[in-house]
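The values are calculated or read from the model by the stated rules, or taken from the named source; none is laboratory data. Since we're looking at a predicted model, the values are computed, not measured. Every residue, glycine as well, gets a Cβ built from its backbone with ideal geometry; the counts of neighbours run over all protein chains shown. Each accessible area value is taken on the protein alone, full model and side chains, heavy atoms only, with ligands, DNA and RNA left out. Shrake-Rupley method; radii C 1.70, N 1.55, O 1.52, S 1.80 Å.
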Amino acid sequence: MNQLLSIFEMSVIMSLIALAAVFTFRFAGFPDLSVDGVFTLGAVVFVKFMLFGFGVLFSFIAALLAGALAGCITAFISVRLKINPLLASVLILIILYSLNLRILGKANQPLYNFDMIGWFKGGYWILLMALGIFFLFVLVYTFFRTQIGSAIRTVGSSPEFLVSVGRNVTLYKVFLVSFGSGIVAVSGSLLSFKYGFADVSLGMGTIIIGIASLIIGEKICGREKLFNQIVAAYIGTFLYQLAVGVALSAGISPTDVKLVTGIITIGLLALGKDEEERLFT
Amino acid sequence: MKKNGYLLKISEVSKAFKQPSGEDLNVLINASLDIAIKNIVALMGPNGCGKSTLLNIISGNIVPDNGEIILNGNNITVLPAFKRAQIIGRVHQESYKSLASLLTVSEILSISMRRGKNLLLSFASSETTIQKIGEYSAELAMFLSTREDVPTRVLSGGQRQLLALAIAVLGTPKLLLLDEHMASLDEQYKGIADKLLETYINKNDASVIVVTHDYRWATSMSNAIATYEMGTFKLMSSNKSIE
């Protein structure tokens with residue numbers, strides 16, 4: 001039971017990564033690989049603000065804004081300076097390695113003087129997070145069905161259409177990548193809150209978790225309809241976390257999880273015969 | 001526009017493309033073309049002569065090497081494509097470029113209706129849009145109203161082209177650029193498209209540039225035919241009288 005609860009908790013936190021991949025890879029057609037750095041950025045900004053005494057909510061908001069700013073810069077340098085999105089996001093990822101260390105001041109920083117036990121009592125924490133994630137789902141689904149949301153989510157697949165009806169596709173791309181990076185940073189801050197510390201290598205490999213989760217979800221739910229596309233991020237994440245939980249119980253070393261995930265992701269990408277399913281083309 | 005009687009003035013526009021060999025391919029050489037108000041101009045010439053390039057230069061998708069484009073009295077030579085689209089409607093040669101494969105007919109119409117205005121944070125509705133189309137063509141309005149919830153990707157090639165034409169006239173642009181917009185249309189749909197164009201330009205004092213290889217259509221529907229000649233387009237009036 002405890003293990004299942006832990007899988008559920010990790011699913012709630014990591015579903016934000018898969019959701020961000022929907023915004024960047026799918027809606028914006030912008031393969032954003034800066035996720036590892038942005039995830040850590042969220043964690044370090046959160047812990048730093050907590051240590052400054054800003055409180056939990058404000059610290060989460062600070063992480064969200066820091067992530068959104070990083071995403072904004074990634075998209076902007078790609079679109080404006082005409083740098084390939086893959087390269088632009090990797091450049092930001094590298095910059096964030098240094099920046100995260102500078103913000104945190106050291107490689108690992110625990111959250112002192114904070115009563116974590118009180119927060120985790122009685123599972124309220126998970127319930128609260130699950131409610132938050134559900135609220136986000138409703139918000140995202142509703143927004144992307146509106147007139148402006150419909151236009152924004154087609155910027156990756158039909159930029160010519162948007163330009164021909166007078167829409168600024170640059171703005172839409174920047175918005176999607178910022179939004180995606182913002183929630184990735186929130187995911188990082190949630191994980192650092194759960195662990196009670198921030199570490200500069202906390203985000204290592206999160207991009208692969210996001211992509212693997214999304215591909216698994218899309219294989220099951222499809223992605224032709226908006227509802228299915230968004231639900232795929234959640235279901236895929238849960239199944240991925242479940243698989244990792246089972247693998248760990250079966251005796252796989254925690255240090256090998258990323259190796260196994262990487263190989264499985266390569267397999268899933270290779271299986272995507274449909275040209276549209278390919279994430280990087 | 002009013003001063004010179006022309007909606008669009010293209011003055012000495014040139015465009016060269018780099019070939020794989022490294023040499024320049026001069027597609028347009030000091031091309032000039034003036035389009036009067038309420039005119040349909042057919043752009044004709046052999047494949048690869050630069051008809052679509054000229055449309056792309058007018059719409060802002062390709063920047064010319066030199067020359068000037070005046071639309072509605074304003075110099076738009078360096079204006080970004082999405083800003084020009086506020087007064088230019090376009091049907092691309094490849095219909096997928098004119099549509100959004102993820103959206104339904106209703107969603108796509110509702111976005112297109114807001115040409116030149118901010119999009120709304122409300123759910124897409126195509127009721128007023130279809131009414132607007134009905135002012136130009138009752139048949140097209142009927143066609144659209146029976147397919148409102150259909151995703152555009154499942155429409156046939158001809159249906160997509162007809163939808164692309166409907167999108168091009170929404171938001172009442174002054175100039176329409178149609179690149180072989182009838183290539184996939186059957187006779188019935190061609191009739192709908194022709195009627196829509198005629199009613200549209202008469203109601204809105206608009207003009208249309210059509211890239212076509214159909215000489216019969218050009219002589220019957222257009223007021224003037226621009227034919228490619230040595231890097232530029234030469235305008236001559238067609239059989240149809242200019243209103």
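Scanning segment A:139-151 for residues that are at the interface with chain B (Cβ under 9 Å from one of its Cβ atoms) and open to solvent by less than 20 Å² (accessible area, probe 1.4 Å) yields a total of 5.
Yes or no, residue by residue, for (1) touching a Pro at 6+ places or on another chain (Cβ under 7 Å); (2) surrounded by 15 or more Cβ atoms within 10 Å (Cβ to Cβ); (3) away from every other protein chain (no Cβ under 14 Å):
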position: B:167; (1), (2), (3): no, yes, no
position: B:192; (1), (2), (3): no, yes, yes
position: B:216; (1), (2), (3): no, no, yes
position: B:219; (1), (2), (3): no, no, yes
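Among the residues of segment A:85-98, is there at least one that is out of contact with any Asp or Glu (no Cβ under 6 Å at 6 or more places or on another chain), part of a loop (DSSP other than H, G, I, E, B), surrounded by fewer than 16 Cβ atoms within 10 Å (Cβ to Cβ) and of a type outside the set (A, V, I, L, M, F, W, C)? For segment A:85-98, residues out of contact with any Asp or Glu (no Cβ under 6 Å at 6 or more places or on another chain), part of a loop (DSSP other than H, G, I, E, B), surrounded by fewer than 16 Cβ atoms within 10 Å (Cβ to Cβ) and of a type outside the set (A, V, I, L, M, F, W, C): absent. Exactly one residue among A:164, A:158 is crowded, with 18+ Cβ neighbours inside 10 Å and in contact with a strand residue (DSSP E or B) (Cβ under 8 Å, 6 or more places away or on another chain), and that residue is A:164.
Are there helices (runs of 4 or more DSSP H) fully within segment B:157-243 with at least 1 residues that are farther than 25 Å from residue B:101 by Cα? List them. Reasoning before the result, please.
Details: elements: B:157-169, B:187-204, B:215-221.
The qualifying helices (runs of 4 or more DSSP H) are B:187-204, B:215-221.
If you go through segment B:66-118 and keep only what is of a type in the set (Asp, Glu) and within 12 Å of another protein chain (Cβ to nearest Cβ), you end up with B:94, B:107. Whenever a residue of segment B:222-243 is at pLDDT below 85, its partners that are among the β-branched types (Val, Ile, Thr) and exposed (fewer than 14 other Cβ atoms within 10 Å of the Cβ), lying with C-beta atoms within less than 7 angstrom and at least six residues away or across chains, give the pairs B:238/B:219; B:239/B:219. Residues in segment A:226-247 that are over 29 Å from residue A:149 (Cα atoms) and open to solvent by 70 Å² or more (accessible area, probe 1.4 Å): 1 in all.
Here is a check on your reading of the model: is residue A:98 more than 14 Å from residue A:189 (Cβ to Cβ) and under 12 Å from the mean Cα position of the chain (by Cα)? Taking the combined requirement at face value, the residue does not satisfy it.
Selection of segment B:142-164 for residues being within 12 Å of another protein chain (Cβ to nearest Cβ), farther than 20 Å from residue B:123 by Cα and surrounded by 17 or more Cβ atoms within 10 Å (Cβ to Cβ) yields B:160, B:163, B:164. Does residue B:65 satisfy the condition of being among the acidic types (Asp, Glu) and open to solvent by 50 Å² or more (accessible area, probe 1.4 Å)? Here the answer is yes, as residue B:65 does meet what is asked.
Residue count for segment B:1-46 satisfying the condition of being more than 22 Å from residue B:78 (Cα to Cα) and free of Cβ contacts under 8 Å to residues at least 12 places away in the same chain: 7.
Please report, ordered by residue number, the strands (runs of 3 or more DSSP E) entirely within segment B:1-87 with at least 1 residues that are touching an Asp or Glu at 6+ places or on another chain (Cβ under 8 Å) and farther than 23 Å from residue B:224 by Cβ. Spell out how you get there, then give the answer.
On the way: elements: B:6-18, B:24-36, B:40-44, B:66-71.
Ranges flagged: B:6-18, B:66-71.
Just wondering, is there one or more residues in segment B:27-45 that are under 26 Å from residue B:204 (Cβ atoms), at pLDDT below 95, crowded, with 17+ Cβ neighbours inside 10 Å and polar (S, T, N, Q)? Within segment B:27-45, one or more residues are under 26 Å from residue B:204 (Cβ atoms), at pLDDT below 95, crowded, with 17+ Cβ neighbours inside 10 Å and polar (S, T, N, Q).
Scanning segment B:209-229 for residues that are of a type in the set (A, V, I, L, M) and touching a Ser or Thr at 6+ places or on another chain (Cβ under 8 Å) returns B:210, B:211, B:218, B:224, B:225. Checking A:187, A:158, A:181, A:213 one by one, the residue that is within 9 Å of chain B (Cβ to nearest Cβ) and of a type outside the set (D, E, K, R) is A:158 and no other.
Pick from segment B:120-136 the residues that are buried (at least 20 other Cβ atoms within 10 Å of the Cβ) and in a loop (DSSP other than H, G, I, E, B): which of them is nearest to the chain's Cα centre (by Cα)? So that I can check it myself, show each step before the final result.
As a first pass, look at segment B:120-136 and keep what is buried (at least 20 other Cβ atoms within 10 Å of the Cβ): B:124, B:126, B:129-130, B:133, B:136.
Now narrow it down to the ones that are in a loop (DSSP other than H, G, I, E, B): B:124, B:126, B:136.
Values: B:124: 25, B:126: 22, B:136: 16 Å.
So, considering only residues that are buried (at least 20 other Cβ atoms within 10 Å of the Cβ) and in a loop (DSSP other than H, G, I, E, B), the one nearest to the chain's Cα centre (by Cα) is B:136.
Among the residues of segment A:64-78, the one identified as aliphatic (A, V, I, L, M), more than 19 Å from residue A:43 (Cβ to Cβ) and surrounded by fewer than 19 Cβ atoms within 10 Å (Cβ to Cβ) is A:77.
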